[in-house]
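One structure is given below, encoded as C-alpha cells.
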Amino acid sequence: MNLTEQVIRSFQNIENERHRFLITTFIKKLHEYVRETEPSEQEWEQAIRFLTETGKLCHEQRQEYILLSDVLGVSMLIDQILHEKNEVQTPSTVFGPFFIDNMPIRPFGSSIISDDAAAPPLLVRGKITDIEGNPVAGARIDVWQTAENGMYSGQDPHQSTDNLRGVFLSQEDGSYAFQTILPVSYPIPDDGTVGKLMAYAKRSVWRPAHIHFKIEADGFQGLVTHLFLEGDEYLQNDAVFGVKDRLIVRYSEEKADDTSRERYGLNTDYRLIEYDFILTGDESRER
Ligand code: BEZ
Ligand code: FE
C-alpha cells in the first residue's frame, strides 16, 4: 500500500459518508499535487507561512480565506456548480465580505443614501418574479454598494453604517424600487496575503462597479447577486471572476416628469436602471 492509500485508509472510520468522501478526495488530490510539483522543503515552509499569515488576518470583520477563495476562482466555481442548473432564474454571483445584516427596511421607491452624495440620483426599479413570470410579493431585497470613494460603509469610518444600504419589500405586483447613486469600481482589500499574491502575479485587484442584492422570499431559493454597469473597464478582468453577462445593465438618462415627482419625489434629472429578478421555487433545491 503506498503512502496515499495508507493516509486515505486512516480516515475510513469517519461515519458520515459525505464527510469521508470530502476528506479522502482532498487527500488524494493533495498528494497528486505534491507528487506532480515535488516542492522543496523551503517551498513547503513558504506555503505553511502563507497559510499561517492568512489565518492570522481573519477575525469577525475580515475573512482573508474567503478572499483567497474568491481570487482563486473557487467561490465562483462553487456558485456555478450550485446555481447554473436552471437557466431561467437570475444568475447568482459572489457574496463578498461587505454585507451588513439588519439594515433598515425602507419604503418603496425611497433612497438608500444616508450621507451626502454629489452624483446625480439613480433610480433602480423592476419586478421580482418566479420563473413563469408571476409576481413575487413580499420578497425581502437587501441592497448594498460603494460610495463615490469606492468604499462600503463598515469599511469606511467616515460613512454612516446604513449609507448606501437598505432592505426593500416587493409590492403586491412584485415591483421594487429604490434611489441611489451609481456604484463605482473599487479594489478588493489588498493589504493582506491575498494582496501580496495578486501583486506577485501582477494581477489587477479591481472589481467592476456593481450593486449587491440578496433576495429572499417564502417558497423560493435565496438569490445573492450583483448588477454590473455596462461599459465598466473591469468587466473583463474582475479580480474575483464574478461577472456574468445577464447581470450587466445599462442605465438611461431621464428627465424629471410628473410621474417621477409624484412616485419617487425626483425633481431633477436622474438615471434609471430597470431590472427584473427571477427566483426559482424552493422545491427544486438540489441539496
Ligand atoms: C464584493 O463585491 O464586495 C467583493 C466580493 C469578493 C471579494 C471582495 C469584495
Ligand atoms: Fe462589492
*How many residues does the stretch 125-137 contain that are over 11 Å from SER175 (Cα atoms) and assigned to a strand (DSSP E or B)?*
1
_Restricting to the stretch 97-115, and then to whatever is within 16 Å of ligand 2 (Cβ to nearest atom) and among the aromatic types (Phe, Trp, Tyr), can you tell me which residue is farthest from GLU148 (Cα to Cα)?_
PHE99
*Tell me which residues, restricted to the stretch 242-276, are part of a strand (DSSP E or B) and either at pLDDT below 95 or not assigned by the TED database to the domain that holds ALA139 (or both).*
none
*Could you run through the stretch 169-211 and say how many residues are over 17 Å from the mean Cα position of the chain (by Cα) and in a strand (DSSP E or B)?*
7
*Check GLY265, GLY219 and return the single one that is farther than 20 Å from ILE181 by Cα, touching a strand residue (DSSP E or B) at 6+ places or on another chain (Cβ under 9 Å) and among the small types (Gly, Ala, Ser).*
GLY219
*Is there any pair with a first residue in the stretch 187-213 that is more than 15 Å from ALA147 (Cα to Cα) and a second that is more than 16 Å from ligand 2 (Cβ to nearest atom) and among the polar types (S, T, N, Q) whose Cβ atoms are under 9 Å apart and which are 6 or more apart or on different chains, and what are they?*
GLY192/THR54; THR193/THR54; VAL194/THR54; PHE213/THR90
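Yes/no matrix, rows are residues, columns are (1) closer than 18 Å to HIS226 by Cα; (2) at pLDDT 95 or above; (3) of a type outside the set (D, E, K, R):
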{"site": "ALA139", "(1), (2), (3)": "yes, yes, yes"}
{"site": "ASP142", "(1), (2), (3)": "yes, yes, no"}
{"site": "GLN155", "(1), (2), (3)": "no, no, yes"}
{"site": "ASN163", "(1), (2), (3)": "yes, yes, yes"}
{"site": "GLU172", "(1), (2), (3)": "no, yes, no"}
{"site": "ALA177", "(1), (2), (3)": "yes, yes, yes"}
{"site": "VAL184", "(1), (2), (3)": "yes, yes, yes"}
{"site": "ASP190", "(1), (2), (3)": "no, yes, no"}
*Taking into account only those residues within the stretch 64-79 that are of a type outside the set (Gly, Ala, Ser) and near ligand 1 (Cβ under 9 Å from one of its atoms), which is surrounded by the fewest Cβ atoms within 10 Å (Cβ to Cβ)?*
ILE66
*Out of ASP79, ASP115, which single residue is assigned by the TED database to the domain that holds VAL243, outside any loop (DSSP other than H, G, I, E, B) and either of a type in the set (Asp, Glu) or under 28 Å from TYR270 (Cβ atoms) (or both)?*
ASP79
*Exactly one of (1) in contact (Cβ under 8 Å) with a residue 40 or more places away in the chain; (2) touching an Asp or Glu at 6+ places or on another chain (Cβ under 7 Å); (3) more than 16 Å from ligand 1 (Cβ to nearest atom) is unmet by SER92. Its number?*
(3)
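Residue-wise test of (1) within 22 Å of THR193 (Cα to Cα); (2) in contact (Cβ under 8 Å) with a residue 24 or more places away in the chain; (3) in contact with a Ser or Thr (Cβ under 6 Å, 6 or more places away or on another chain).
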site: ILE8; (1), (2), (3): no, no, yes
site: GLU17; (1), (2), (3): no, no, no
site: LEU30; (1), (2), (3): yes, no, no
site: ARG35; (1), (2), (3): no, no, no
site: ARG49; (1), (2), (3): yes, no, no
*Name the residues in the stretch 52-63 that are loosely packed, with under 13 Cβ neighbours inside 10 Å and either assigned to a helix (DSSP H, G or I) or among the aromatic types (Phe, Trp, Tyr) (or both), would you?*
THR52, GLY55, LYS56
*Out of (1) part of a loop (DSSP other than H, G, I, E, B); (2) more than 12 Å from ligand 2 (Cβ to nearest atom); (3) among the hydrophobic types (A, V, I, L, M, F, W, C), the odd one out for ALA239 is which?*
(2)
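The values are calculated or read from the model by the stated rules, or taken from the named source; none is laboratory data. Keep in mind that this is a model prediction, so the values were computed, not measured. Counting neighbours? That spans all protein chains shown, and the Cβs are built from the backbone with ideal geometry, glycine included.
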